[in-house]
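Take a look at the structure set out below.
Laboratory data are not the source of any read-out in this text; all were calculated from the coordinates shown. All values reported here derive from a predicted model rather than from experimental measurement. In this analysis, Cβ positions are derived from the backbone assuming ideal geometry, glycine residues included, and neighbour counts consider all displayed protein chains.
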Amino acid sequence: MRFVPASDGPSIVLVRHGETEWSRSGRHTSTTDVSLTERGQQQARRIGDALSDLSFAVVMCSPRRRSRETAALAGFGDPAVDADLVEWDYGTLEGRTTPEISAEIGHPWSIWTAAAPDPVPAETADDVARRADAVIERLRATIDAGQDAAVFSHAHFLRVLAARWLRLPSAEGARFALDAGGIGELGFEHDAHVIARWNLPA
């Protein structure tokens, strides 16, 4: 499959890293620097095939190994590594799954609405939004010049980034499911900020 941009103007192509052992089991993964599985490596190569017809003025990548491996296997061996692209900092929730946390506290729990006295992550959705806004601001000159960019990062962060591109509250990222190896496109319909493509499998 070749990725065909749908934006009326320049695009920001978002790529979630390929599968890891932790993503496969639904474990919250932020600071733990896990590698791609064999399937994740295959996904990364297919991402490269999907994006091979496109030219990006800027390619940005999270410093985490799983994102850097995905970018490299996709053919982007020298991206601009940006610390703001790391995944939501889960703190003591690192490595735990949502069903485990829900079972422990006795009612449904979500990272998007977590608040004390239930377990809370080290960062709030608004904390992540401030990093997402900074990334959008750094890409502004590229977009204003009519050029495309690619961003390799993580599920929760990219979902917040999409919400902020749409000028929505950060917690609205809960509505944008994004699978491992999934590709999205932020762009324009006329002058409006839109999600032009979302969660496409390579």
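Would you mind counting up the charge near A163? Only other residues with Cβ under 9 Å from its Cβ, with Lys and Arg at +1 and Asp and Glu at -1. Once all neighbours under 9 Å are counted, the net charge is +3. Highest mean first, the peptides 109-122, 182-195 sorted by other C-beta atoms within 10 Å per residue fall in the order 182-195, 109-122. Taking amide H atoms as placed 1.01 Å from N in the peptide plane, the amide H of V59 lies under 5 Å from those of A80, A150, each 5 or more residues away in sequence or on another chain. A simple count of charges around V34, restricted to other residues whose Cβ falls under 13 Å of its Cβ and scoring Lys, Arg +1 and Asp, Glu -1, yields 0.
Which value, in debye to the nearest 20, gives the size of the charge dipole of region 1-50 about its Cα centre, when Lys and Arg are +1 and Asp and Glu are -1 at the Cβ?
Details: 7 positive and 6 negative charges, 23 e Å.
That gives region 1-50 a dipole magnitude of about 120 debye.
With 0.36 nm allotted per residue and the present C-alpha distance subtracted, the R96-E189 stretch has 29.6 nm of extension available.
Grab the Cα-Cα distance for D8 and D127, subtract it from 0.36 nm times how many residues apart they are, and report the gain in nm with one decimal.
Numbers: separation 119, 0.36 × 119 = 42.84 nm, distance 3.06 nm.
Contour length minus the Cα-Cα distance gives 39.8 nm.
In a simple Cβ point-charge model (Lys, Arg +1; Asp, Glu -1; nothing else charged), region 12-201 has a dipole of about 260 debye relative to its Cα centre. Annotation: amide H-H contacts under 5 Å for R197 (H modelled 1.01 Å from N, sequence separation of 5 or more, or interchain): E185. Report, to the nearest 10°, how far helix 38-51 tilts away from the longest principal axis of the Cα atoms in the chain, using its own Cα long axis and a range of 0 to 90°. Helix 38-51 sits roughly 30 degrees off the main axis of the chain.
Database remark: amide H of G182 closer than 5 angstrom to the amide H of R16 (H placed geometrically; neighbours at sequence offset of 5 or more, or on other chains; Pro and chain starts carry no H). Relative to the longest principal axis of the Cα atoms of the chain, the long axis of helix 125-144 lies at roughly 0 degrees. Taking other C-beta atoms within 10 Å as the exposure proxy, M60, M1 rank M1, M60 from fewest upward. Stretched out straight at 0.36 nm per residue, the stretch from R24 to D179 would grow longer than its current Cα-Cα span by 54.8 nm. Computed from Cα positions, the angle between helix 155-165 and the longest principal axis of the chain comes to roughly 60 degrees. Taking the DSSP beta bridges with both ends in the chain, the antiparallel portion is around 50 percent.
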